[in-house]
Amino acid sequence: MLVLQLFLGSLFFFVFLGIPVAFSLGLSNMIIMSAMDFDFIIMTKKMISGINNFPLLAIPFFMFVGKIMNTGGIAKRLVRFADSLVGFITGGLGHVNILASMFFGGISGSAIADTAAIGGLLIPPMVEEDYPPSYSGAITAASAVIGIIIPPSIPFILYGITTNTSIAGLFMAGIIPGIIVGSALMLTTYFTTKKGGYGNLEVTEDKSFSFNKVISSFKEASLALSLPLLIVGGILGGIFTATEAGAIAVILALILSMGVYKEIEVSDLPQLLLETARVTATVLFLCGMAMVTAWLLTTARVPYKLAALINSIASSQIVIMLMINLLLLIVGCVMDLTPALLILAPILLPVVEQLGISPIYFGVIMCINLGIGLITPPVGTVLYVACGVADVKMEQLVKSILPFLITLIAVLILLIAFPQLVMFIPNMIMG
């Protein structure tokens, strides 16, 4: 366990010095390699072999889809359809925000892309309807977590690659939790808007439910809505892999945005590709460094020693899962989702597998938990994006997001207590 202590101690030391996580990982790896008397050239080889992984191509594809959706009119049409379905309920635009995030997440798989796109479209009208800017930003940030639960999901892809777990199985397992999270957030929105007196509480003629409006907006958004069905259906049906689904999603999104909606020109593509490349480069560099870390810790038998230590403390599955999830919630407060997932998944999975816990189930729980970390200070990435979009201070946003944060943690506990909610669809389809 000395290797683990040395790794974590050096990693947090470098992070708190302000060194980017990817470089902090590299420095920590070098310290461990020195302690284990390994040649540094191994780090380069393991890093390259870790990145040289075909399924990782899904990440830039889905990130590019998020960029296209944001600028190509797809997100706008999804929001209009969501408004026709739930806009008449108390806290209407809040519900629209959450439902639109569920649609958006079913295509992009990115919480940050969701926050930027849906927030940019909905926060201004929410403020116009007397929702406080901080509350509008809080709903946007909290609902963005759905984007990493409902398939396709970039964190699910990373977890699947890192732990050699079925990505299709993870996607199937994320469907019911994603719906539960969305429903729970909408329930929280209903009560908080009613208590706070936010928005238009009375159903007016303009805001009342209209079947004609639903049909009209559905026709306008039907092609956009078909994207998640094609992507997820194709993966679950074995027609194509998650990586191939990413490429198909890009093609379909481009056809919609350029050929049907005509809101993206060929001249816009270089900038969208450059923005995607910047984000992808960061993620892949992190992946490479995390693969080196996973190899070093496995070589030092850290996961097995950790499993023995945890088993000596408790033997109940639920108790151990609660202990691990408490650890993940703490880690999520000080580390972004991607590095935390890449570092901890290879360490913790052997621990839970010894208890007979499914890697698919644990992957979904781990991604939801670290997804909550995206909206917890001080490192919550989505919080910073929401602050920028809503133009509010961090302390204001954190205060408004507390009810939603409590809701997400309650759903997490529910899924830990009832694993069958996560595994129902995978068990039904995969047997």
Residues satisfying the stated conditions in the stretch 245-301, i.e. on the phi > 0 side of the Ramachandran plot and at pLDDT 85 or above = K262
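Look at V96 and say whether it is assigned to a helix (DSSP H, G or I), farther than 30 Å from P303 by Cβ and either at pLDDT below 85 or out of contact with any Asp or Glu (no Cβ under 7 Å at 6 or more places or on another chain) (or both).
Details: assigned to a helix (DSSP H, G or I): yes; farther than 30 Å from P303 by Cβ: yes; either at pLDDT below 85 or out of contact with any Asp or Glu (no Cβ under 7 Å at 6 or more places or on another chain) (or both): no.
Taking the combined requirement at face value, the residue does not satisfy it.
Condition first: open to solvent by less than 30 Å² (accessible area, probe 1.4 Å) and in contact (Cβ under 8 Å) with a residue 40 or more places away in the chain. Now tell me which residues in the stretch 302-317 satisfy that.
Initial filter on the stretch 302-317 (open to solvent by less than 30 Å² (accessible area, probe 1.4 Å)): 302-303, 306-307, 310, 314.
Residues satisfying the conditions are V302, P303, L306, A307, I310.
The rows are residues; the columns are (1) assigned to a loop (DSSP other than H, G, I, E, B); (2) open to solvent by less than 10 Å² (accessible area, probe 1.4 Å); (3) at pLDDT 90 or above; (4) not aliphatic (A, V, I, L, M).
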site: D130; (1), (2), (3), (4): yes, no, no, yes
site: L187; (1), (2), (3), (4): no, no, yes, no
site: E205; (1), (2), (3), (4): yes, no, no, yes
site: K213; (1), (2), (3), (4): no, no, no, yes
site: S216; (1), (2), (3), (4): no, no, no, yes
message = Considering only residues that are modelled with pLDDT under 80, among the aliphatic types (A, V, I, L, M) and more than 20 Å from the chain's Cα centre (by Cα), which ones fall in the stretch 224-238?
response = none
inquiry  = For the condition surrounded by fewer than 24 Cβ atoms within 10 Å (Cβ to Cβ) and on the phi > 0 side of the Ramachandran plot, what is the one hit in G91, G73, G120?
reply    = G73
ask   = Which one of the conditions (1) open to solvent by 10 Å² or more (accessible area, probe 1.4 Å); (2) under 27 Å from L17 (Cβ atoms); (3) not hydroxyl-bearing (S, T, Y) does E353 fail to meet, given that it meets all the rest?
value = (2)
task = Please verify whether the stretch 248-260 includes one or more residues that are closer than 19 Å to G160 by Cβ and touching a residue at least 12 places away in the same chain (Cβ under 8 Å).
result = yes
remark   = In the stretch 56-76, residues that are within 18 Å of I123 (Cβ to Cβ) and either charged (D, E, K, R) or touching a Gly at 6+ places or on another chain (Cβ under 6 Å) (or both) total 1
inquiry  = Looking at G380, G373 in this structure, which one is buried (at least 21 other Cβ atoms within 10 Å of the Cβ) and at pLDDT below 85?
reply    = G380
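Could you pull out the residue among V65, V3 that is buried (at least 20 other Cβ atoms within 10 Å of the Cβ), hydrophobic (A, V, I, L, M, F, W, C) and in contact (Cβ under 8 Å) with a residue 12 or more places away in the chain?
V65
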ask   = Out of all the residues in the stretch 98-117, which are touching a residue at least 60 places away in the same chain (Cβ under 8 Å), within 20 Å of M394 (Cβ to Cβ) and surrounded by 24 or more Cβ atoms within 10 Å (Cβ to Cβ)?
value = A111, T115
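Scan the stretch 191-201 and give yes if some residue there is of a type in the set (S, T, Y) and surrounded by fewer than 23 Cβ atoms within 10 Å (Cβ to Cβ), otherwise no.
yes
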query = Which of the residues spanning the stretch 6-21 are crowded, with 16+ Cβ neighbours inside 10 Å and closer than 13 Å to I31 by Cβ?
reply = L6, F7, S10, L11, F14
task = Name the residue, out of S49, S84, that is open to solvent by 20 Å² or more (accessible area, probe 1.4 Å) and of a type in the set (S, T, N, Q).
result = S49
key: Residues satisfying the stated conditions in the stretch 52-62, i.e. modelled with pLDDT under 80 and crowded, with 24+ Cβ neighbours inside 10 Å   = none
query = How many residues are farther than 21 Å from L274 by Cα and of a type in the set (K, R) if we restrict to the stretch 43-71?
reply = 2
key: Odd one out for F156 among (1) modelled with pLDDT under 90; (2) within 30 Å of M289 (Cβ to Cβ); (3) in a helix (DSSP H, G or I)   = (1)
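Could you run through the stretch 259-285 and say how many residues are assigned to a helix (DSSP H, G or I) and either small (G, A, S) or open to solvent by less than 20 Å² (accessible area, probe 1.4 Å) (or both)?
First, pick out the residues of the stretch 259-285 that are assigned to a helix (DSSP H, G or I): 259-260, 266-285.
Narrowing further to those that are either small (G, A, S) or open to solvent by less than 20 Å² (accessible area, probe 1.4 Å) (or both): 259, 267, 272, 276-277, 280-281, 283.
Counting residues in the stretch 259-285 that are assigned to a helix (DSSP H, G or I) and either small (G, A, S) or open to solvent by less than 20 Å² (accessible area, probe 1.4 Å) (or both) gives 8.
Working carefully through the options I68, I42, I48, find the one that is assigned to a helix (DSSP H, G or I), more than 20 Å from G288 (Cα to Cα) and among the β-branched types (V, I, T).
Numbers: I42 fails: more than 20 Å from G288 (Cα to Cα); I48 fails: more than 20 Å from G288 (Cα to Cα).
Every option except I68 fails the conditions.
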ask   = Take the residues of the stretch 332-350 that are open to solvent by 20 Å² or more (accessible area, probe 1.4 Å) and of a type in the set (V, I, T): which is modelled with the highest pLDDT?
value = T338
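Output the number of residues of the stretch 318-330 satisfying the condition of being within 20 Å of A111 (Cβ to Cβ) and surrounded by 18 or more Cβ atoms within 10 Å (Cβ to Cβ).
2
Within the stretch 292-313, is there a residue that is under 23 Å from the mean Cα position of the chain (by Cα) and either of a type in the set (A, V, I, L, M, F, W, C) or part of a helix (DSSP H, G or I) (or both)? Give the derivation first.
At the first step, the residues of the stretch 292-313 found to be under 23 Å from the mean Cα position of the chain (by Cα) are 293-294.
Going one step further and asking which of them are either of a type in the set (A, V, I, L, M, F, W, C) or part of a helix (DSSP H, G or I) (or both), we end up with 293-294.
For the stretch 292-313, residues under 23 Å from the mean Cα position of the chain (by Cα) and either of a type in the set (A, V, I, L, M, F, W, C) or part of a helix (DSSP H, G or I) (or both): present.
The values are calculated or read from the model by the stated rules, or taken from the named source; none is laboratory data. As the structure is a computational prediction, the values presented were derived from the model and not from experiment. Every residue, glycine as well, gets a Cβ built from its backbone with ideal geometry; the counts of neighbours run over all protein chains shown. These area figures cover heavy atoms from the full protein model, side chains too; ligands, DNA and RNA do not enter into them. Shrake-Rupley method; radii C 1.70, N 1.55, O 1.52, S 1.80 Å.
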